[in-house]
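Since the structure comes first, as structure tokens, the remarks are kept for the end.
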Amino acid sequence: MSDEAVPRSRADFHRQYQAQAILEAERLLARREALQAGWLSWVAGELYQLKPAEYAAMVRRELQRLSQG
């Protein structure tokens, strides 16, 4: 995701990237069983690499939501 593609408002950003954030969270959760005890460290590294920070936060929130459901 390039910074050039970031919409002007926070709401626009959220609308534009919500579906992508859900897919990314699902991808990360899909690795949990295979990685077991190492998953938390791995997922932290994956989240750290996501840019911009607003997108990483969206993915983090989706991970939390999907983990509780």
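Some observations on this one:
- Contour minus Cα-Cα distance for GLN16 and LEU40 (0.36 nm per residue): 5.9 nm
- Rounded tilt (10° steps) of 53-68 against the dominant C-alpha axis of the chain: 40 degrees
- With Cα atoms, 0 to 90° folded angle of helix 10-30 axis to the chain main axis: 20 degrees
- Projected-area average for the stretch 9-68 over all orientations - Cα convex hull basis, square nanometres: 3.9 nm²
Read the figures in this text as sums done on the coordinates, not as results from a lab. Since we're looking at a predicted model, the values are computed, not measured.
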